[in-house]
Amino acid sequence: MITGASSGFGKAMAHRFAKEGWSIVITGRRKKILLELAEELTAQYGAEVLVKVFDVQQRKEVFDVLANDEKLGDVDVVVNNAGLALGRDYFDEANLDDWETMIDTNLKGLLYVSKAMLPYLIKRGKGHIINIGSTAGKEVYEKGNVYCATKTSVDAISQAMRIDMLRHQIKVTAIHPGAAETEFSIVRFKGDASMAKTVYEGYQPLKAEDVADTAFYCANLPEHVCINSVVMTCTSQANSFYLLRK
Ligand code: NDP
Ligand code: 8X3
């Protein structure tokens, strides 16, 4: 099951897993896009695809859609990918609503989805949670304040989950990508596509497919192997601070 499958990393993961014969559950808020994607995946790969539409911020909605659904009983891997940045502003100038949306989506949404899905994995005594963090959770940068805080939290929660899930033998992996060209910056800059484009100028950023490949690799290791954490950047980026533009 992949959250945020209507775009970017999640969509690329849906393609990667479906192509390799996995049955998948794709989720997000944009129903039309998800239904079209499901059709495409079935037509292209013959994949079995279930669509679940919900907003990860809405606690009741998440549990209403995900809990007690026998169709979700055999989910092996949950990828907590849905997330966003909103704005790039100094702390004192940033918008409180943006902050709340990032916290509610990137942190609380991940907690709700995990809590709703874990009973299925625990019942089967195996499974895998893959959380998408960010290099923004590894080094905090100027005007990144609350986005960086949510991704630092994803890192901490992933470590905590791995410890608490040990007794259930459930794997927890955190993948922390650097700059990747998806809808991410268009969302961050609230539809300003030219501003978003400048983020990726002068270098080759990661592609969504690169992150999908990594998630696929982590999800396909032998039962006794768990990749705990991956930090991945394009070759032109070393970390949040160092990016080589030509
Ligand atoms: P995109 O904007 O392309 O995709 C984001 C996905 O998240 C969409 O499918 C969107 O679906 C979903 N989403 C957002 N808010 C909600 C919500 N409230 N409820 C349900 N789904 C939601 O961005 P990316 O693919 O780049 O981002 C995916 C993840 O990767 C995010 O967590 C992001 O923070 C992280 N990341 C991104 C990097 C980048 O440079 N691109 C680098 C490092 C990490 P819908 O709108 O249909 O709800
Ligand atoms: C997204 C990468 O560098 O915009 O998490 O924070 S960055």
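The values are calculated or read from the model by the stated rules, or taken from the named source; none is laboratory data. Only a predicted model underlies this, so the values are computations on that prediction, with no experimental measurement involved. Please note: Cβ atoms are built from the backbone with ideal geometry, for glycine as well, and neighbour counts cover all protein chains shown. The protein model used for the area step is the full one, side chains on, heavy atoms only, and it has no ligands, DNA or RNA in it. Shrake-Rupley method; radii C 1.70, N 1.55, O 1.52, S 1.80 Å.
Inspection of the stretch 39-62 finds no residue satisfying the criterion of being open to solvent by 70 Å² or more (accessible area, probe 1.4 Å), touching a residue at least 24 places away in the same chain (Cβ under 8 Å) and hydrophobic (A, V, I, L, M, F, W, C).
Please go through the stretch 211-239 and give me each residue that is within 8 Å of THR173 (Cβ to Cβ) and part of a strand (DSSP E or B), ordered by number. SER229, VAL230 - these are the residues of the stretch 211-239 that are within 8 Å of THR173 (Cβ to Cβ) and part of a strand (DSSP E or B).
Which residues, counting only those in the stretch 2-26, are more than 8 Å from ligand 1 (Cβ to nearest atom), touching a residue at least 60 places away in the same chain (Cβ under 8 Å) and not in a helix (DSSP H, G or I)? Scanning the stretch 2-26 gives ILE2, GLU20. Of all residues in the stretch 226-246, at least one satisfies being open to solvent by 70 Å² or more (accessible area, probe 1.4 Å), over 22 Å from LEU118 (Cβ atoms) and away from ligand 2 (no atom under 16 Å from the Cβ).
Given the condition touching a strand residue (DSSP E or B) at 6+ places or on another chain (Cβ under 7 Å), open to solvent by 40 Å² or more (accessible area, probe 1.4 Å), closer than 25 Å to PRO177 by Cα and not basic (Lys, Arg), answer yes or no: does some residue in the stretch 67-79 qualify? Yes: the stretch 67-79 contains one or more residues that are touching a strand residue (DSSP E or B) at 6+ places or on another chain (Cβ under 7 Å), open to solvent by 40 Å² or more (accessible area, probe 1.4 Å), closer than 25 Å to PRO177 by Cα and not basic (Lys, Arg). Counting residues in the stretch 170-184 that are open to solvent by 20 Å² or more (accessible area, probe 1.4 Å), more than 20 Å from GLY10 (Cα to Cα) and more than 12 Å from ligand 2 (Cβ to nearest atom) gives zero. Of all residues in the stretch 190-246, those that are free of Cβ contacts under 8 Å to residues at least 60 places away in the same chain and among the small types (Gly, Ala, Ser) total 7.
Can you find a residue that is charged (D, E, K, R) and assigned to a loop (DSSP other than H, G, I, E, B) anywhere in the stretch 173-183? Checked the stretch 173-183: at least one residue is charged (D, E, K, R) and assigned to a loop (DSSP other than H, G, I, E, B).
Restricting the first member to the stretch 111-128 and to residues that are closer than 17 Å to VAL62 by Cβ, and the second to residues that are open to solvent by 10 Å² or more (accessible area, probe 1.4 Å) and in a helix (DSSP H, G or I), the beta-carbon pairs closer than 6 Å and six or more apart or on different chains are TYR112/ARG59; ALA116/PHE63. Scanning the stretch 129-143 for residues that are buried (at least 19 other Cβ atoms within 10 Å of the Cβ) and touching a residue at least 60 places away in the same chain (Cβ under 8 Å) yields ILE130, ILE132, THR135, ALA136. Could we say that ASP55 is of a type outside the set (A, V, I, L, M, F, W, C) and not in a helix (DSSP H, G or I) here? Yes.
The single condition among (1) within 13 Å of ligand 1 (Cβ to nearest atom); (2) touching a helix residue (DSSP H, G or I) at 6+ places or on another chain (Cβ under 8 Å) that SER158 does not satisfy is (2). For the stretch 138-172, the set of residues classified as within 27 Å of LYS115 (Cα to Cα) and in a loop (DSSP other than H, G, I, E, B) consists of LYS138, MET165, GLN169, listed by residue number.
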